[in-house]
Amino acid sequence: MGFFANLFKKKDARSTESFRDIQVDNPECRKLGDLKKYMSSLLSANRYIPKSEYRTKLLDEKKTVEYFAVLDKSGMLRTFCENNNVSVSDVEETLTCYRNFESLLNSHNDDYINRAMRENKVYLDNILRDVDPQIKLDDDQREVVLTDEDYCLVIAGAGAGKTTTVAAKVKYLVEKKNIDPKQILVVSFTNKAVQELRDKLNKDLNIDCPSATFHSTGNAILRKKTDEKLN
């Protein structure tokens, strides 16, 4: 978090105060102050931050950011800040953070994953011991297990350990994230792969989550919406 600390380092007595702490009448100043606090809270959180958590908020605040960007571009930002008793540097740093927020969050998440891999090493070393004591996840597999993004694409060849990774991910979600197993749906292409997943998850790990093929899952969804007989 060194970059973020520098981004919001204190420059003068006035900049040590948050926007909300300073009693300003301008609603745009209050909005920008709230945005700064929001971004700061995410970047200081000790967890993985998925994109869905912040993208809508940042999009909603785009007009506020553009308002100050226009003031800055026109050379009127300093006068505006003096008239509204807010720090110019505070505004400029908030705008910079907003423009680079996705990159900052990516760095935050990378740091979290690296830290979590160290802190959970013993757990991850033994996460599938009940399946096979010889199984040891590599670093790429551990990153998949710990990543809490909305969509996580894993590309690997045959025999690379995708099924093993899925089993470890499910166990991690249940044991560490307290997810109800019945809220997890494991889907694969072939009956053979599904049976392998059921053996690992339902039998060896005693995790009661449903597993099915894509086709049977689609069929089950359709049958809930129609009385027509489907094969």
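The values are calculated or read from the model by the stated rules, or taken from the named source; none is laboratory data. Just so it is clear, the model here is predicted, and its values are computed rather than measured. Positions of Cβ are generated from backbone atoms using ideal geometry, with glycine treated the same way; all protein chains shown enter the neighbour counts. To get the accessible areas, we keep the full protein, side chains included, count just its heavy atoms, and leave off ligands, DNA and RNA. Shrake-Rupley method; radii C 1.70, N 1.55, O 1.52, S 1.80 Å.
At 222 nm, what helix-only mean residue ellipticity would the chain give, in deg cm²/dmol to the nearest 500, using -39500 (n - 2.57) for each DSSP H run of four or more?
Numbers: 12 runs with 125 residues, N = 231.
Helices in the chain give a 222 nm mean residue ellipticity of -16000 deg cm²/dmol.
Projected over every direction and averaged, the convex hull enclosing the alpha-carbon atoms of the range 156-231 yields 6.0 nm². Computed over protein heavy atoms with a 1.4 Å probe, the carbon and sulfur contribution to the accessible area of the range 83-231 reaches 48%. Considering only K177, K169, K31, the mean-square fluctuation computed in a Gaussian network model of the chain, springs between alpha carbons under 10 angstrom, is largest for K177. Averaged over its residues, the chain has an accessible area of 62 Å² per residue, based on protein heavy atoms and a 1.4 Å probe.
Of the listed residues I113, I135, the order by accessible area with a 1.4 Å probe, largest first, is I135, I113. The Rg/Rh ratio for the chain, using Cα coordinates for both the radius of gyration and the Kirkwood hydrodynamic radius, is 1.14. Taken along the Cα-to-beta-carbon direction at a fixed 7 Å, the label points for E28 and D110 span 3.5 nm. Between S40 and Y123, what FRET efficiency follows from the Cβ-Cβ distance if R0 is 41 Å, with the result rounded to 0.05? In this case the efficiency is close to 0.85. The rule of thumb for compact globular proteins, 2.2 N^0.38 Å, goes into the C-alpha radius of gyration of the range 22-66 1.28 times. Here the Gaussian network model covers the chain, with springs between Cα atoms less than 10 Å apart; of V145, V88, V70, V70 fluctuates the most.
Which of rounded, prolate or oblate describes the range 95-231 when judged by the alpha-carbon gyration tensor and an a/c cut-off of 1.5? Display every interim value, and only then the final one.
On the way: a/c = 2.25, a/b = 1.36, b/c = 1.66.
Note, shape of the range 95-231 comes out oblate.
Looking at the range 42-95, which trypsin sites (Lys or Arg not before Pro) are DSSP coil and have at most 12 other C-beta atoms within 10 Å of their C-beta?
R47
Out of N46, N83, N109, any idea which swings most in a Gaussian network model of the chain, alpha carbons joined below 10 Å? Greatest mean-square fluctuation among the candidates belongs to N83.
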